[in-house]
Amino acid sequence: MSSTQTVGPAAVDRLLHRDAVCSVFSGTVAADPADLLCVTVAHERVDGSRREVFLEWAAKLTGLPAHPHLSPSSAVGLTENGRPYLAVGTARRTLADLLAEQGPMPPGQVRALGVALSDAVAVYHRAGLIHGAIQPSHILAGSGHHLQLTAYDVTAPVLAAPLPPSPYTAPEHLDAAVAGEVAASPAGDVYALATVLYAALGGRLPWVRHAREDAADPLLRAAPVPHVPGVVSDLTDLIGAALSPDPRRRPTADVFREHLTRIALGGPLAPGPRPDSVAAGLLPRRGLRPVTVAVSTELAPYRPGRERVGLRPRLRSIATATAGIALTGALLGGAALATYAATNPESTGTVCTDPAVLGMRISEQLDDGEVVESWCADGGGYVAATVDYPGGSGGDGEGSTERRVWRIEGEDLVAVTGCTDTAMPPSIIEFLECV
């Protein structure tokens, strides 16, 4: 096999990520080989109405007017064997990297960032598109820290994959996120953008202040958004309005941009010293799919593995073109609560609903030892087990009992080795004795 393969006009060379829906590669196009691309390719072929719905979405994306703060789409379409793909310009760093390394941004820069990104989101919405995954790890930082919104595939037909609930999930979409469904709306995009700006100021939102608070609890989202010490109160008041738990009370992206341009930064400051770091809970370690190019495994063709119960519901095919058109109409009509759930009702369940599957998956993570008890935390995001280990060679001597925890990521179980994971639910925190 040659070291380079093609997807449409893009030459791909590195596999960056693979989940149940898509594979993601780094690549380039011959017209400009110096520019890096992130190429998302669906595992599944599409035809009929599903093909039409995807191509309708692709036409809207390619028809977007050029915008300095929207990552350019280099190619979108179907491969020779009918699999949808999307190639988008990328960079090696994101806003999440900048905030983690340099700390909060000055208020003037945050206002400028808000004006730029809200204008980009408004352009996206006017084209009949919804992003659904605005967060620091999906905002690229190019040369000169030029920022661009990316990750368009998260809510794309066929390419869509659900994101777990996070501080960037709008309250009206929390139930869908917990259920492993794809949900998006224009008002949800404004909410996520406002959360990005609040994070960039170094603010601490009430529902991500410490690990014991659950970002998916809608009651917490009703708490007032506090002012950020040392930051002009008018700016955080405006951001707080865009974080309203009622989507009908949030400004549109256009209105948010206009209000940001009028904010005077010489007004009274909230008392206290400015934060010198960004809350860890507002800086996701990574998105569901990577948007930066990194060293990873060599490209390999996708081969379906053996059948097993998945760790999340699979995406459901859109049944008819009429359903897709109705969805598009609802989103274009500005329905604040417009949500689509693309789960497969025929899925046999998750690892957390079948004890046999749960035991099998945990056993795959253990070199030895016997599982005494295993269970899934509320929401199904974490797996816990009590494991007995024999002592000495061949089980001679004194054994030990350990408490083990894994985080569910796509089709993988990722070991949790301490108490630093701020997303852990209270039951897992208590199990690990992180109090």
Problem - segment 74-87, residues that are under 15 Å from F54 (Cα atoms) and in a strand (DSSP E or B) - result: A75, V76, G77, L78, P84, Y85, L86, A87
Exercise for the section: Please tell me if R111 is open to solvent by 30 Å² or more (accessible area, probe 1.4 Å), at pLDDT below 90, on the phi < 0 side of the Ramachandran plot and of a type outside the set (G, A, S). Expected result: no
Handout entry: Number of positions in segment 26-64 that are in contact (Cβ under 8 Å) with a residue 40 or more places away in the chain, assigned to a loop (DSSP other than H, G, I, E, B) and in contact with a Lys or Arg (Cβ under 8 Å, 6 or more places away or on another chain)
Key = 4
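Out of segment 148-180, which residues are in contact with a His (Cβ under 8 Å, 6 or more places away or on another chain) and open to solvent by less than 20 Å² (accessible area, probe 1.4 Å)?
Step one: filter segment 148-180 for residues in contact with a His (Cβ under 8 Å, 6 or more places away or on another chain), giving 148-152, 154-155.
Scanning segment 148-180 gives L149, T150, A151, Y152, V154, T155.
With respect to D217, is the statement that it is out of contact with any strand residue (DSSP E or B) (no Cβ under 6 Å at 6 or more places or on another chain), surrounded by fewer than 20 Cβ atoms within 10 Å (Cβ to Cβ), of a type in the set (D, E) and outside any helix (DSSP H, G or I) true?
Answer is yes for this residue.
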Fill in the blank from the handout: Of the listed residues (P229, P167, P224, P206), the one being in contact (Cβ under 8 Å) with a residue 12 or more places away in the chain and within 16 Å of the chain's Cα centre (by Cα) is P167
Exercise for the section: Could you list all residues from segment 110-133 that are in contact (Cβ under 8 Å) with a residue 24 or more places away in the chain and farther than 13 Å from H69 by Cα? Expected result: V110, R111, H125, A127, G128, L129, I130, H131, G132, A133
Problem - Meets criteria (more than 23 Å from the chain's Cα centre (by Cα) and open to solvent by less than 30 Å² (accessible area, probe 1.4 Å)) for G63 - result: no
Practice task
List every residue pair whose Cβ atoms lie under 8 Å apart, where the two residues are 6 or more positions apart in sequence or sit on different chains, the first residue falls within segment 93-108 and is at negative phi and open to solvent by 20 Å² or more (accessible area, probe 1.4 Å), and the second residue, located anywhere, is small (G, A, S) and part of a helix (DSSP H, G or I).
Solution key: P104/A200; M105/A200
Completion exercise
Flagged in segment 153-201 as modelled with pLDDT of 95 or more and of a type in the set (D, E), in numbering order, are D189
Practice task
Check off (1) buried (at least 22 other Cβ atoms within 10 Å of the Cβ); (2) assigned to a helix (DSSP H, G or I) for R248 and give me the number that stays unchecked.
Solution key: (1)
Handout entry: Pick from segment 137-149, criterion over 11 Å from the mean Cα position of the chain (by Cα) and polar (S, T, N, Q), ranking: modelled with the highest pLDDT
Key = Q148
Practice task
Can you work out which of the residues in segment 220-232 that are open to solvent by 20 Å² or more (accessible area, probe 1.4 Å) and not in a loop (DSSP other than H, G, I, E, B) is modelled with the lowest pLDDT?
Solution key: L220
Exercise for the section: With the condition kept exactly as written, say whether any residue in segment 194-208 is among the β-branched types (V, I, T), buried (at least 19 other Cβ atoms within 10 Å of the Cβ) and within 10 Å of A170 (Cα to Cα). Expected result: yes
Exercise for the section: For segment 127-146, name all the residues that are in contact with a Lys or Arg (Cβ under 9 Å, 6 or more places away or on another chain) and assigned to a strand (DSSP E or B). Expected result: L140, A141
Problem - Given (1) surrounded by fewer than 22 Cβ atoms within 10 Å (Cβ to Cβ); (2) farther than 16 Å from P425 by Cα; (3) touching a residue at least 60 places away in the same chain (Cβ under 8 Å), index of the condition D189 fails - result: (1)
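The values are calculated or read from the model by the stated rules, or taken from the named source; none is laboratory data. Quick caveat: nothing in here was measured; it's all calculated off a predicted structure. Because the Cβ atoms are built from the backbone with ideal geometry, glycine has one as well, and the counts that use them run over all protein chains shown. SASA here: full protein model, heavy atoms, side chains in, ligands and nucleic acids out. Shrake-Rupley method; radii C 1.70, N 1.55, O 1.52, S 1.80 Å.
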